[in-house]
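The values are calculated or read from the model by the stated rules, or taken from the named source; none is laboratory data. None of the values given here were measured: they were computed from a predicted structure. Positions of Cβ are generated from backbone atoms using ideal geometry, with glycine treated the same way; all protein chains shown enter the neighbour counts. Note: accessible area is taken over every heavy atom of the protein model, side chains too, but ligands, DNA and RNA are not part of it. Shrake-Rupley method; radii C 1.70, N 1.55, O 1.52, S 1.80 Å.
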Amino acid sequence: MASTSPAATGGEGVALLDDGVRQVRMWRRPFDPLLPGLRSASDPEVVSSWLAAIGLGSAGAVTMRTVSYRPTRRAVLRVESAAGTVFVKVLPERKSADLIARHQLLESAGVPVPRVLATPVPGVCVLSAARGSPLAQAIAGADTHPENLPEPAELVRWLDLLPEQTLTLPRRPSWSDRLDFHTAAAAAALPEQADEVVDLGARLAEALTAVPEEEVPTHGDYYEANVFTSGGAVSDVIDIDSLGPGRRSDDLATMLGHVAVLPDLAPRVYAHTPEVLQRMRQDFETRVGAHALRVRTAAVVLSLIAGATPEQARARLRIATQWAHASVRTRRGANSNLRDLSSASPVPLMHATDDEAIANSLEQKDG
């Protein structure tokens, strides 16, 4: 791993390369200079002793797998032992303390989230495994096991459980709040369609200024990979690092935007997702303004372009544009249907309107 950030100071296992113009610090993963707890958290014997200390069996063998690693920012490791599965999350010390406080806040309020089992060293917390299965699995099996798929109202119910104290936490930017950054990243990912991406981003940014909304407790990254379900109910929600004040439409748009791209990610697995998406959208639009929800969903999908394969990136641009076009029809409060937003051959979504200024506010430019 390497970084040019001055924050990534040297230390054990960190090599400094300096050519007189710039400095680059390099390290192997366990020696991340901003995640000092990662070295201990990557040692099976150390982790085994942590589990033994909290009563999860004797200090026997454990099997470890890295779930995710973002250099200098975070790491998540899955740990299997005879006592079961836990997750070890490594963050910079201050952020780890903030995450633990968020878990404790939700646990005390009775909100279903994984429990903090231990904080063995600064910057490291051991979390219980989430109960149930990811919502993505329920969506994939919607046709064969519909009883496992939560109703949209059940997804909203978890958000309704968030305590008012959430509003006292620092506010973190939502996907739509960082639209400029995501537009630039998407344009770089699709250079042949960069003008189209930039145009779409500008139109979304303009539309977002016209949809103010009150702040409420929010998850901040509420989508099908972070929501776990069992028997049609939300059983746990993970990754609450962004918990804090925000807009309900951003949480709901994050769900819609991520679900909307699933069919292009795995068409056979998510063949019935358009119907699921339609039910979600119809329910969510009874809870927040349809126009705000569709604009923010378009912004979320736009943010998912960077990092995708070229084929997926083009599909996501198409989907984001469809949501943007569909939002035009709700500027006056109309709640017309969105059809086949995630299908390979979508139905045209723009309809004639007497107010060309409204129609042109998000419509793609011709030519």
Exercise. Within segment 139-153, can you find the residues that are assigned to a helix (DSSP H, G or I) and loosely packed, with under 15 Cβ neighbours inside 10 Å?
Worked result: P146, E147, A153
Exercise. Can you name every residue in segment 173-198 that is outside any helix (DSSP H, G or I) and under 20 Å from G246 (Cβ atoms)?
Worked result: P173, S174, W175
Problem set entry | Of residues in segment 182-205 being hydrophobic (A, V, I, L, M, F, W, C) and closer than 30 Å to D160 by Cα, the one surrounded by the fewest Cβ atoms within 10 Å (Cβ to Cβ) | A205
Problem set entry | Whichever residue in segment 220-243 is more than 18 Å from K89 (Cα to Cα), part of a loop (DSSP other than H, G, I, E, B) and of a type outside the set (D, E, K, R) and, among such residues, is least open to solvent (accessible area, probe 1.4 Å) | Y222
Problem set entry | Members of segment 188-215 that are closer than 18 Å to W323 by Cα, within 22 Å of the chain's Cα centre (by Cα) and of a type in the set (G, A, S) | G201, A205
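Let's see how each residue does on (1) at pLDDT 75 or above; (2) open to solvent by 50 Å² or more (accessible area, probe 1.4 Å); (3) of a type outside the set (S, T, Y); (4) within 22 Å of C125 (Cβ to Cβ):
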| residue | (1), (2), (3), (4) |
| --- | --- |
| G10 | no, yes, yes, no |
| L17 | no, yes, yes, no |
| R25 | no, no, yes, no |
| P36 | yes, yes, yes, yes |
| S48 | yes, no, no, yes |
| L51 | yes, no, yes, yes |
For this session: Just need a number here: residues in segment 244-287 that are open to solvent by 20 Å² or more (accessible area, probe 1.4 Å) and either part of a helix (DSSP H, G or I) or of a type outside the set (K, R) (or both).
Result: 16
Exercise. Residues in segment 70-124 that are among the β-branched types (V, I, T), surrounded by 17 or more Cβ atoms within 10 Å (Cβ to Cβ), touching a helix residue (DSSP H, G or I) at 6+ places or on another chain (Cβ under 8 Å) and within 18 Å of L35 (Cα to Cα): how many?
Worked result: 4
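Got a sec? Which of L169, L208, L161, L127 is over 27 Å from Q278 (Cβ atoms) and open to solvent by 20 Å² or more (accessible area, probe 1.4 Å)?
Within the list L169, L208, L161, L127, the selection yields L169.
Can you name the residue in segment 158-172 that is part of a helix (DSSP H, G or I) and not acidic (D, E) and, of all such residues, is nearest to V301 (Cα to Cα)?
L159
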Seminar exercise, completed: For segment 309-343 the number of residues that are open to solvent by less than 30 Å² (accessible area, probe 1.4 Å), at pLDDT 95 or above and out of contact with any Leu (no Cβ under 8 Å at 6 or more places or on another chain) is 1
